Amino acid sequence: MFVLSYDILSKFIATKILRFENGSLSLLDRNMVIIPAEVILKLQEDLEKKLGNEEAANIVYNAGRFETVTGSVRYLKRRDELKTVFSSVSKTGDPSIEMGREMLKFMGKGDIQIREVLNKGEKIILSSNSPFSAEYLKTRGKSNGPVCHYLRGVMCGVMEAYYGGKYRARELSCAATGLSKDCIFEFVRD
Ligand SMILES: [Zn+2]
């Protein structure tokens, strides 16, 4: 179940990390738009028809990766401020990872769990109750393969910002196929 703590939301607004003004919404000074997860799925499907599954997956994945690779810069700049917002939240024991997890939860991108971190970040296994797989199942039924290319990119951008270097990202199991409850992702340093 996705639960957003009111405490975090009010702190976001109080510190102006999140701003609502004249029909615009910004998070860490970046203009945001709330779009349905299904729009990403539609875009993905249109690209698949034109370019094939692999190329479509790459384009959508790169867009997700762009979101966090560029977003992390803002996030790190205001790290101290964010620490005050997330001081009471500690699941992973690492405040910066915790901030990232909460920020993605706040944006509706699922509750990401760290399953395994091997050799100081050489290989990382994450899982998530992906909004993309949930929406896929609801609107399209079971998929033949992974559908969470955007989220895979978002997570990869976070891993690259946090651990440095480049990662190869794979979705090992996608909930949209009906074969697993959560989506499971693997990140291996290039
Ligand atoms: Zn998935």
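How large is the dipole of the chain about the Cα centre if only Lys and Arg carry +1 and Asp and Glu carry -1, each at its Cβ, rounded to the nearest 20 debye?
Computed charge dipole of the chain: roughly 180 debye.
Measure nothing fancy, just the Cα-based angle from helix 53-77's long axis to the longest principal axis of the chain, in degrees from 0 to 90, nearest 10.
Long axis of 53-77 versus the principal axis of the chain: about 10 degrees.
At 7 Å along the Cα-to-beta-carbon direction for both MET107 and LYS49, put a label point, then send me their distance in nm to one decimal.
The answer from the label model is 2.8 nm.
Tilt of helix 95-106 relative to the longest C-alpha principal axis of the chain, in degrees (0 to 90, nearest 10)?
Approximately 60 degrees, to the nearest ten.
In nm, to one decimal, how far is the SER180 label point from the ALA63 one, both placed 7 Å along Cα→Cβ?
So the label points at SER180 and ALA63 sit 2.4 nm apart.
Per residue, what volume in Å³ does the Cα convex hull of the chain take up?
Convex hull of Cα atoms, per residue: 125 Å³.
Helix 131-140: angle to the longest alpha-carbon principal axis of the chain, degrees 0 to 90, nearest 10?
Helix 131-140 sits at roughly 40 degrees to that axis.
Cβ neighbours within 10 Å, averaged per peptide: list 11-17, 132-138 in order, most packed at the top.
In decreasing order of mean packing, 11-17, 132-138 become 132-138, 11-17.
Of ASN31, LEU47, CYS148, which is farthest along the charge dipole of the chain in the positive direction, counting Lys and Arg as +1 and Asp and Glu as -1 at C-beta?
ASN31
Pairs LYS49/LYS166; LYS83/LYS123; LYS49/LYS138; LYS83/LYS181; LYS83/LYS105; LYS138/LYS166: which are spaced more than 23 Å apart, C-alpha to C-alpha?
LYS49/LYS166; LYS83/LYS123; LYS83/LYS181; LYS138/LYS166
Give me the distance between the Cα centres of segment 27-80 and segment 102-174, rounded to whole Å.
12 Å
Just so you know, all these numbers are worked out from the coordinates, no wet-lab data involved. Fair warning: this is a prediction, and the values are worked out from it, not measured in the lab. Using ideal geometry, Cβ is built from the backbone for each residue, glycine included, and neighbour counts are taken over all protein chains shown.
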